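The values are calculated or read from the model by the stated rules, or taken from the named source; none is laboratory data. Computed from a predicted structure; not experimentally measured. In this analysis, Cβ positions are derived from the backbone assuming ideal geometry, glycine residues included, and neighbour counts consider all displayed protein chains. Accessible surface areas use protein heavy atoms only, side chains included; no ligands, DNA or RNA. Shrake-Rupley method; radii C 1.70, N 1.55, O 1.52, S 1.80 Å.
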Amino acid sequence: MQRIVKPKTQQGRRALEKKEPKIIENTKNTLFFKGGNTSNIVTQVLKEWHLLKKPYATMFSKKNTTRPFEDQSSVEFFTSKADSSLFMFGSHSKKRPNNIVIGRLFDGQVLDMVEFGVDKFISLHEIVGPKSATGIKPCLVFSGEFFEENDENKRIKNLLIDFFRGANAEKISLNGLEHVISVTAVSGQIYIRNYRVLKKKSGTRIPRVELEDMGPSLNLSIRRTRLASDDLFKRALKKAELAKAKKKKNISRDDLGNKLGRIHMSTQNFGKLQARKLKGLKRKPTKSADKDDLAENSSKKQKVDEEMSES
Amino acid sequence: MASKQTVVDSILTTSPSIPSTTVENAALIDIDEGLLMSSNVVHDLKEFRQNTETVLKRISRDATQVLFNSLWQLPVEQVEGNYLITLPEIKMWLPREKPVPKKKPLTKWQEYAKGKGILNKKKSRMVYDEASGEYKPRWGYKRANDDTKQWLIEVPANADPFEDQFAKRQTAKKERVAKNELHRLRNIARAQKVKVPGVGLTPTENPSKDHLSKALAVAHKSTASIGKFTEKLPKEKPSKFTGKKRKFEPSIGNLMKEKEKQLQMLEINAKKIPTIDVTKATNRALREEERSKTQERRPSKKTPKKLRGKKAALGGEKVRKGGGNKKTRGKRRL
């Protein structure tokens, strides 16, 4: 989209540039927001997933009387404000108790949306023990034939992967693999578990993996779905021709793997260098000009002396 | 040596105290290393119902172990004490967040410059400022040769001596800014293929006779009734800048005349010879000549000789990009 009103400041310009479509895309941000009524469980679910998805997440704490399945315009508006293309919406009503909607957007419009009922929830805080660091890219485990049964279920799996996968990183640290999100679907029920990885010695280079419950744990049942048409989904899958990445200037690495930066500085003026302040050396403001001249003369004389002695 | 090795092996295989990294049914577990994802299957539904948590943990553990086994096989590089692995490309197709960016449409000037072969010249940022004898930025705060900071302007010889030269400069600047903004908006409209009404007159440095008559035509029409009641001057000629109103022949009239007209039209169309725009053709010829000369002077840098051989060896086959192709789509799962 080409804007008609020009941004007035550099900061504004950069903020808009950040929102523009890119060839190599940024990590998808997630928006968490509530409906008009929420139960304790639903708010807790939103809060804890927000915690797990940080820093690629935004939480709206106020109530919003919207129903995503009836009118998507408010979802599109909120997500555009937070520049996020994934969302989790929580609400609670008599008809749909402990309701959670997980969805994603493409080009500012809702692509897929799935509604879940929370049947069972165990909080992060209820499970005692250390937690994995925040902002870590999780490993995903998707199990169960349910996800392969039909096209709709496949799409739900695709959506959940998109939602849980975290930052799109090219390189990762092996030490950083310490969080597993396990999603298992058996006969319509979806079991989501969060585990912390314990790497045990195995006698080889590869560690033996042991898992420890970390929370939150959720049992979900699927309610309503609204999935994009194949045509639109295909358009969203289109891959860009990769452009040449811009070379980063003045940053290099040496053989030891240290990062080196080159900075350009103007030559330092030693005459103005502030050394230790002493009262006795303080200049009087009126005669400062004369003294400067004197200092220059003396330095010149010294130089001449040195040259003389060398010759 | 050999005996030592066998002892170690036997310990590794037999003792249950050291856990191993091998997983049963590892072949059933799919992995997508780029996503750090693995997919397991649930074998025994009865057992799953009885103790869900333990089965869930076991399934996840096995899948994660298989994933780790393959991740640890990837080449490792060490950066600042961290062991980094480069993840392969994601197998799964995930939708984009925003559509692939389109190329920005050229502005009218850019299009013109392209046609003419005008290239951008890079100007240096710092310019010599004669007043202070220093190099200063060409533009912006503390710029060189700043004419807005002058406290005295010489009145030009042919100018009105009572004219405020400072105000004149300021209005000229404002007009330039407004003109630029207008052109920007027009370029946006052009890019979106929207028709915008004409804006009448834009300010110019040296107005011509044509400009004046155009201004008269605009002024004529600038009333609430679009110039219907504007009085004409005694010897005024009809303006050449106002559009002509279409006039139609009466639908019932002289049949002979109509026939004649139609025949004339047919004749013209049959005889039509493409006309040659002489100036356009000469310009093109000149440009072509210039281009060939420059190419003679130096071989193009885009395809060095070394590469040519390689390209020829590849057979110039077009590389297929993602999407579209049914064969590759089959390999990637949704």
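So if R0 is 56 Å, what FRET efficiency would A:ASP231 and A:GLU126 give, r being the distance between their Cβ atoms, rounded to the nearest 0.05?
0.80
Under 15 Å from a point placed 7 Å out from the Cα of B:TYR135 along the Cα-to-Cβ direction: which residues of segment A:255-273 have their backbone N that close?
From segment A:255-273, the list is A:264-267.
Among A:LYS22/B:LYS174; A:LYS282/B:LYS136; A:LYS171/A:LYS249; B:LYS123/B:LYS174; A:LYS28/B:LYS179, which pairs are too far apart, with a Cα-Cα distance over 29 Å?
A:LYS22/B:LYS174; A:LYS282/B:LYS136; A:LYS28/B:LYS179
What does the accessible area per residue of the protein assembly as shown come to in Å², with a 1.4 Å probe and no ligands, DNA or RNA counted?
On a per-residue basis, the protein assembly as shown sits at 75 Å².
Could you give each residue of segment B:211-216 its phi-based ³J(HN,Hα) in whole Hz, using Karplus coefficients 6.51, -1.76, 1.60 with θ = phi - 60°, and x for Gly or Pro?
Couplings: 4, 5, 5, 5, 4, 5 Hz.
Check A:GLY135: other-chain or 5+ apart residues with amide H under 5 Å from its amide H, H built from backbone geometry?
Counting only residues 5 or more places away or on other chains, the set is A:LYS54.
In percent, what relative contact order does segment A:129-207 have, based on Cα pairs under 8 Å that are 6 or more apart in sequence?
This gives 35 percent for segment A:129-207.
With a 1.4 Å probe and every protein chain left in place, tell me how much accessible area B:VAL194 has, in Å² to the nearest 10.
Accessible surface of B:VAL194 is approximately 80 Å².
Ranked by accessible surface with a 1.4 Å probe, highest first, in what order do B:VAL23, B:VAL177, A:VAL101 come?
In descending accessible area the options line up as B:VAL177, B:VAL23, A:VAL101.
Carbon and sulfur together cover what percent of the accessible area of the protein assembly as shown at a 1.4 Å probe radius?
Here carbon and sulfur together make up 54 percent of the probe-accessible area.
To the nearest 100 Å², how much accessible surface do chains A and B cover up together, summed over both, with a 1.4 Å probe?
Answer for the A-B pair: about 6500 Å² buried.
Please list, in order along segment A:144-158, the HN-Hα scalar couplings obtained from phi with the Karplus expression 6.51 cos²θ - 1.76 cosθ + 1.60 (θ = phi - 60°), rounded to whole Hz, x for Gly and Pro.
x, 6, 3, 6, 9, 4, 9, 5, 5, 5, 4, 5, 4, 4, 4
With each pseudo-label sitting 7 Å past Cα toward Cβ, what's the B:MET126-A:LYS279 distance in nm, one decimal?
Using points 7 Å along Cα→Cβ, the separation is 4.3 nm.
Below 21 Å, Cα to Cα, which lysines can B:LYS232 reach? Residues fewer than 8 away in the same chain don't count.
B:LYS232 reaches B:LYS209, B:LYS214, B:LYS221, B:LYS240, B:LYS244, B:LYS245.
Ignoring everything except DSSP H segments at least 4 long, calculate the 222 nm mean residue ellipticity for chain A; use -39,500 (n - 2.57) per segment, divide by total residues, nearest 500.
Value at 222 nm, helices only, nearest 500: -8000 deg cm²/dmol.
Would you tell me the accessible area of B:MET37, worked out with a 1.4 angstrom probe on the heavy atoms of the protein chains, in Å² to the nearest 10?
0
Calculate the FRET efficiency for B:ILE276 and B:LYS195 from the Cβ-Cβ distance with a Förster distance of 30 Å, rounded to the nearest 0.05.
Efficiency computed from Cβ-Cβ geometry: 0.45.
Please compute the contact order of chain A in relative form: average sequence separation of alpha-carbon pairs under 8 Å and at least six residues apart, divided by the residue count, as a percent.
About 15 percent, as a whole number.
Return the sequence-ordered ³J(HN,Hα) values of segment A:7-22 in whole Hz as given by the Karplus equation 6.51 cos²θ - 1.76 cosθ + 1.60 applied to θ = phi - 60°, using x for Gly and Pro.
Along segment A:7-22, the couplings run x, 7, 10, 4, 4, x, 4, 5, 4, 5, 4, 5, 7, 5, x, 10 Hz.
What spacing in nm lies between the two simple spin-label points modelled at A:GLN109 and A:LYS62, each 7 Å away from Cα in the Cβ direction?
Inter-label distance under the simple model: 2.9 nm.
With heavy atoms of protein chains only and a 1.4 Å probe, what residues of segment A:10-25 have at least 40 Å² less accessible area in the full set of chains than alone?
Output list: A:PRO21, A:GLU25.
Quickly work out the B:TYR83-to-A:SER73 label distance, labels modelled 7 Å from Cα along the C-beta direction, and quote it in nm with one decimal.
Distance between the two pseudo-spin positions: 5.6 nm.
Hey, got the dipole for the protein assembly as shown? About the Cα centre, +1 on K and R Cβ, -1 on D and E Cβ, debye to the nearest 20?
2820
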